[in-house]
1. Using +1 at the C-beta of Lys and Arg and -1 at the C-beta of Asp and Glu, which of L347, Q181, T330 has the Cα lying farthest in the positive direction of the dipole of the chain?
2. If I stretch the segment between S220 and R108 completely, what's the gain in nm (0.36 nm per residue apart, minus their alpha carbon distance), one decimal?
3. May I ask for the angle, rounded to the nearest 10°, between helix 309-330 and the longest principal axis of the chain, with both axes built from Cα atoms and the value confined to 0 to 90°?
4. Can you bin every Cα-Cα distance in the stretch 6-85 into 10 Å intervals starting at zero and give me the percent of pairs per bin, rounded to whole numbers?
5. Per the Kirkwood formula on distinct C-alpha pairs, the Rh of the stretch 329-389 is how many angstrom?
6. Magnitude of the Cβ-charge dipole of the chain, K/R +1 and D/E -1, about the Cα centre, nearest 20 debye?
7. Using r as the Cβ-Cβ distance of E503 and Q155, and R0 as 60 Å, what FRET efficiency do you calculate, to the nearest 0.05?
8. Using a Förster radius of 22 Å, what is the FRET efficiency between H186 and N348 based on their Cβ-Cβ separation? Nearest 0.05, please.
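Nothing in this text is a laboratory measurement; each read-out follows from the coordinates by a stated rule. Since the model is a prediction, treat every value here as computed from it, not as a measurement. As a convention, Cβ positions derive from the backbone with ideal geometry for all residues, glycine included, and neighbour counts pool all protein chains shown.
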Amino acid sequence: MAKPRSTDLQVLLASLSKGEKRYVTLELQKLGNNLKIQSLFEAYTTHQFTNEHEILEYHPHIKPEQFSNLKAHLYRRTLQFLRDFHLSHSKDIQLRECIDHAQLLLNRGLLQQCTKALAKAKRLASQNDNLELNLEILKLQKQVFAQGIGAESLQKVNNIIQEVQDVTQKISNINLLSNIQVRLNHWYVKKGFIRQETYSDEIDQYIQEHLPALDEETLSFHERLHLYEVYVTYYFFTQNFTGAFRYAQRWANLFKEHPEFIPLQPMAYIRGLHKLMITQQRLYRYEEFLETMQRLREVDQTPSLKLNENLRAMLFKYITIHELNAYFLTGSFKEGTELVARKAEELNQFVDQLGKHATITFYYKIACMYFGASEYRQASFWLQKIINEQQVDLREDIHCFARILNLISHYELGNTDLIEYLIKSTYRFLLLKDDLHQYQTYILGFLKNLSFGTTEPELLKRFDTLREQLLTLIDSPYEKRAFIYFDIISWLESKTSKRSVEEIIQEKARRRIHRSKGQAALHLALIEE
């Protein structure tokens with residue numbers, strides 16, 4: 001095993017919960033005379049030393065030439081103890097242990113005992129729908145059969161051959177679907193929503209060539225799970241939120257029908273609820289959105305589910321995103337900014353675990369919340385965090401719209417000296433990212449030709465002209481994505497009507513929620529008929 005760097009060991013030990021630290025401490029004490037390992041563990045976890053010199057100074061009995069080997073040993077021991085600690089809670093770890101035991105028994109020629117261990121392993125694999133480990137069990141069963149234990153009947157041999165073929169086919173389907181999902185997710189994280197016809201054609205062609213025709217009724221739990229995820233991602237790409245809602249609902253309902261899989265696949269369950277809530281927000285299905293939010297908040301109360309640090313960070317991320325989305329859905333931006341202030345400390349705590357993609361999304365949502373509340377200085381502050389981000393190839397769409405919104409924020413702040421520079425900078429960035437569409441051209445042209453000495457009647461006329469220009473783009477398949485990122489139409493209407501953008505968006509939200517409620521009721525009535 002390669003010797004881990006100090007930072008690897010330090011990060012691993014810092015991630016331990018109180019219960020895990022207590023368990024590792026007790027197990028290290030059982031090692032007896034290995035006081036140096038115990039001292040090193042204590043140095044990182046109790047005293048929280050950050051470098052080798054501090055540790056060596058505090059524990060002079062540890063020699064510098066021993067330090068590297070001690071780190072590697074403690075790293076390996078910690079992982080072993082963590083495995084033992086979580087054995088009773090993790091079905092997969094239990095299953096792997098059964099398979100390991102069966103292999104050891106097979107190697108010793110104890111075939112009857114091996115057969116019993118494999119039978120137990122098979123029951124666990126069936127409960128977990130763990131196809132890969134089931135295939136490993138079948139491989140060991142064939143080795144036992146090959147040694148002629150019990151003079152196996154032809155029927156048993158045929159059954160195991162058929163089972164291997166069935167499991168292999170299911171694994172093949174899952175691998176194919178997961179490969180498609182990984183490719184789609186890569187495209188989405190890099191580019192965001194489809195913005196060009198050539199890009200749309202590329203996605204459609206890829207789906208047609210790679211996605212097989214599968215009968216949902218014959219698929220296993222995990223096959224269906226992967227299939228729904230592919231469709232949800234694909235429909236997000238094409239901004240078909242009705243299609244995405246349909247498959248996100250199937251995804252969430254799959255766990256409703258099989259609650260035993262929630263502790264086994266908690267990330268997939270949480271992610272499914274997250275995707276469903278995004279579609280419910282886009283379609284203004286407000287009451288359903290709140291119901292799904294309640295399911296998300298109750299995840300940590302699921303029987304047999306033990307939350308680790310990764311799951312806690314994931315839950316925090318999605319719950320916070322959708323708490324913000326609830327305010328976007330109703331247009332209650334001032335209340336939303338109060339939530340941002342309350343969550344600021346937690347956000348800073350989790351930001352390193354969220355990943356760049358989630359962090360950029362958070363920053364943009366927070367900026368839009370402040371913009372909707374007419375707090376343009378704060379909006380610009382959060383937008384600048386995105387603009388200053390070095391990794392501009394991640395969510396290029398958000399980077400582009402962050403610059404547009406920042407321009408408008410500075411216009412609202414009356415920063416005339418910055419406008420011309422920002423327009424040129426934004427124009428260059430959009431050209432570089434091949435994202436200069438009609439939407440951006442209209443806005444940049446509007447701001448470029450806008451004089452702060454313009455009379456009020458002329459100013460109102462220009463606002464109205466820009467609004468009319470943008471309204472023509474709402475139904476364009478490659479321009480409408482712009483209105484997902486920021487409701488500029490409502491901002492323009494606030495200017496011409498001399499009302500707050502929050503007030504206008506709230507009125508529209510009430511109408512959309514009411515209309516969506518009526519459509520949902522009609523759909524339900526048609527189904528019942």
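1. The listed residue farthest towards the positive side: L347.
2. 36.8 nm
3. Its long axis makes an angle of about 20 degrees.
4. Percent of pairs per bin, in order: 18, 59, 22, 1.
5. 11.8
6. 940
7. 0.20
8. Rounded to the nearest 0.05, the efficiency is 0.15.
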